[in-house]
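Peer 1: Below are the structure tokens for one structure; questions will follow.
The values are calculated or read from the model by the stated rules, or taken from the named source; none is laboratory data. Predicted model only: the values in this text are computed from it and were never measured. Every residue, glycine among them, receives a Cβ derived from its backbone with ideal geometry; neighbour counts consider all protein chains shown. In case anyone asks, the SASA skips ligands and DNA or RNA and just uses the protein heavy atoms, side chains included. Shrake-Rupley method; radii C 1.70, N 1.55, O 1.52, S 1.80 Å.
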Amino acid sequence: MAFGDYQLELYLGALSGTLPPHPFDHAELEANALAALPPELRTYVAGGSGTEGTQRANVSAFERWALVPRMLNAHAERDLSIELFGKALTSPLLMAPVGVVGLCTPDQHGDIHAAEVSAATGVPLIGSTLMSDPLEDVVVATGDTPAWFQLYTPKNRELAASLVSRAEAAGYDAIVITLDTWVPGWRPRDLASGNFPQLRGKALANYTSDPVFQEMTGPDPDPSTVVFTWAGTFGNPLTWDDLPWLRSLTSLPILLKGICHPDDARRAIDEGVDGIYCSNHGGRQADGGGAALDWLPGVVDAVDGRAPVVFDSGVRTGADVVKAIALGATAVAVGRPYVYGLALGGVPGGVHVIRSLQAEADLIMGVDGYPTLSDLTRDALVDQHRRSS
Ligand SMILES: Cc1cc2nc3c(=O)[nH]c(=O)nc-3n(C[C@H](O)[C@H](O)[C@H](O)COP(=O)(O)O)c2cc1C
Ligand SMILES: O=C(O)C(=O)c1ccccc1
């Protein structure tokens, strides 16, 4: 089903009294999903670092930008399609890597279900290193939709190489290397509840299924050996000196996730990276930072069209998607919202969240007279801060 059909179905359904089973409003979706999740997952999924000020800023930053309507440019059909690393996509959306999504459905196969959402919507899934099913099984469930693999680079270089070569062999189309989480951030809500799923042996299927990791633990390890071995190797504090080695691991496109400074973006492209992923990890890693959206224009300018720029952190509505594109993102990833959809309503719930984002973005482009993504330039936006100061 195309997202235009979804719009029609929702409107006709609602007008004739058939309301969809899942909320449209993000706050309501979050509240219902958190109630549906087991208590030990609530703070981990919804929470962030420190006072969660950065996390709140991620969301509120979108209000700074106002999309200016243009008239007599009405188009019955809008075109939201993009091409990314040679693959055609019907919308500029991606599903951000979320390490515990596997635990967010009652059967503990949430990674597979996220892949099924991807297959149903055509929105690529970026599968996390921290899966509850092996990466090979997850990519099969994405069907014809492209999929990317997100690497948490372990200290053990052979393990890193093994994870990347498995992803390549399994059919993933790109590797996203997350740079901002080689150590977990300061997360008071998780600290207060003594809760960290990985330390309870959860979401480690890509490690336990890996031949190099199996050598590290020895045969038939008990659960505490698995966790101890994982904790010992999880995060490699990478520097620029590691980039050639990372580059050498694969011929797939490599994107660096967590880039917020223009100089980092410029240098990464100069050193042969294929894509930049501007993100502050949804405000989960470092508090006291600005909204990720505020870093996007500088990153886009530094990249200067040499590579695609993916953006995430705080995207909650179709309007947010449109604004991020107008600020120069090539594609926009969504994190917590699709996880909430899955937690609340399984695959149909996840599909509802993705389709709603697409439908709203499409309608805004229609109503406001920006029929294609290339019409969405910075001229489409007014900076409300600047106007009022
Ligand atoms: C519960 C949870 C787990 C996450 N796990 C990962 C992960 O394994 N790898 C990664 O690169 N990012 C991870 N992220 C960060 C997301 O990829 C993304 O940057 C963030 O969720 C975007 O912000 P949003 O939730 O406000 O949309 C995680 C986010 C959440 C909420
Ligand atoms: O929770 C996260 O955001 C995350 O990606 C993570 C994964 C492992 C260790 C610390 C954080």
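Each row is one residue, and each column tells you yes or no for (1) closer than 25 Å to Gly50 by Cβ; (2) out of contact with any strand residue (DSSP E or B) (no Cβ under 9 Å at 6 or more places or on another chain); (3) among the small types (Gly, Ala, Ser).
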| position | (1), (2), (3) |
| --- | --- |
| Asp144 | no, yes, no |
| Phe196 | yes, yes, no |
| Val212 | no, yes, no |
| Asp220 | no, yes, no |
| Phe228 | no, yes, no |
| Gly258 | yes, no, yes |
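Peer 1: Which one of these does Ala205 not meet: (1) more than 16 Å from ligand 1 (Cβ to nearest atom); (2) within 19 Å of Asp137 (Cα to Cα)?
Peer 2: Going through the list (1) more than 16 Å from ligand 1 (Cβ to nearest atom); (2) within 19 Å of Asp137 (Cα to Cα), Ala205 breaks only (1).
Peer 1: Can you pull out the residues in region 211-258 that are closer than 29 Å to Gly171 by Cβ, part of a helix (DSSP H, G or I) and open to solvent by less than 50 Å² (accessible area, probe 1.4 Å)?
Peer 2: Val212, Phe213, Thr217, Val226, Thr229, Trp230, Thr233, Asp242, Leu243, Trp245, Leu246
Peer 1: Looking at this structure, is Trp245 within 16 Å of ligand 2 (Cβ to nearest atom), farther than 29 Å from Asn58 by Cα and not β-branched (Val, Ile, Thr)?
Peer 2: no
Peer 1: Which residues, taken from region 116-128, are over 13 Å from the mean Cα position of the chain (by Cα) and either of a type in the set (D, E, K, R) or surrounded by 24 or more Cβ atoms within 10 Å (Cβ to Cβ) (or both)?
Peer 2: Across region 116-128, the qualifying residues are Glu116, Val117, Thr121.
Peer 1: Hey, does region 181-192 have a residue that's assigned to a helix (DSSP H, G or I), at pLDDT below 95, open to solvent by 10 Å² or more (accessible area, probe 1.4 Å) and hydrophobic (A, V, I, L, M, F, W, C)?
Peer 2: yes
Peer 1: Within region 259-279, track down each residue that is touching a residue at least 60 places away in the same chain (Cβ under 8 Å) and surrounded by fewer than 21 Cβ atoms within 10 Å (Cβ to Cβ).
Peer 2: Once the filter is applied, which keeps residues that are touching a residue at least 60 places away in the same chain (Cβ under 8 Å) and surrounded by fewer than 21 Cβ atoms within 10 Å (Cβ to Cβ), region 259-279 yields only Asp274.
Peer 1: Here is a further query. Looking for something touching a residue at least 60 places away in the same chain (Cβ under 8 Å), within 16 Å of ligand 2 (Cβ to nearest atom), among the small types (Gly, Ala, Ser) and under 19 Å from Trp245 (Cα atoms) - is there at least one such residue anywhere in region 107-116?
Peer 2: no
Peer 1: Quick one: in region 62-88, which of the residues that are surrounded by 19 or more Cβ atoms within 10 Å (Cβ to Cβ) and within 18 Å of the chain's Cα centre (by Cα) is nearest to ligand 2 (Cβ to nearest atom)?
Peer 2: Filtering region 62-88 for residues that are surrounded by 19 or more Cβ atoms within 10 Å (Cβ to Cβ) and within 18 Å of the chain's Cα centre (by Cα), the one nearest to ligand 2 (Cβ to nearest atom) comes out as Phe62.
Peer 1: One residue is enough: does region 150-165 have a residue meeting the conditions closer than 21 Å to Pro308 by Cβ, in contact (Cβ under 8 Å) with a residue 24 or more places away in the chain and open to solvent by 20 Å² or more (accessible area, probe 1.4 Å)?
Peer 2: So far as region 150-165 goes, no, none of its residues is closer than 21 Å to Pro308 by Cβ, in contact (Cβ under 8 Å) with a residue 24 or more places away in the chain and open to solvent by 20 Å² or more (accessible area, probe 1.4 Å).
Peer 1: If you go through region 342-351 one residue at a time, do you hit one that is under 17 Å from the mean Cα position of the chain (by Cα), under 17 Å from Ser279 (Cβ atoms) and crowded, with 20+ Cβ neighbours inside 10 Å?
Peer 2: Scanning region 342-351 turns up no residue that is under 17 Å from the mean Cα position of the chain (by Cα), under 17 Å from Ser279 (Cβ atoms) and crowded, with 20+ Cβ neighbours inside 10 Å.
Peer 1: Follow-up. Just to be sure I understand, how many residues within region 193-207 are surrounded by fewer than 17 Cβ atoms within 10 Å (Cβ to Cβ) and charged (D, E, K, R)?
Peer 2: 1
Peer 1: List pairs: first in region 71-91 and over 18 Å from Ala2 (Cβ atoms), second among the hydrophobic types (A, V, I, L, M, F, W, C), Cβ under 7 Å, 6+ apart or cross-chain?
Peer 2: Here the result reads Leu84/Ala331; Phe85/Ala174, each pair linking region 71-91 to a residue that is among the hydrophobic types (A, V, I, L, M, F, W, C).
Peer 1: On to the next question. Given (1) farther than 25 Å from Gly345 by Cα; (2) within 16 Å of the chain's Cα centre (by Cα), identify the lone condition not met by Trp186.
Peer 2: (2)
Peer 1: Looking only at region 316-325, decide whether some residue is of a type in the set (Gly, Ala, Ser), under 25 Å from Gly185 (Cα atoms) and crowded, with 24+ Cβ neighbours inside 10 Å.
Peer 2: no
Peer 1: Related question: Pick from Asp190, Asp180, Asp173: which is among the charged types (D, E, K, R) and away from ligand 2 (no atom under 12 Å from the Cβ)?
Peer 2: Testing whether each residue is among the charged types (D, E, K, R) and away from ligand 2 (no atom under 12 Å from the Cβ) leaves just Asp173.
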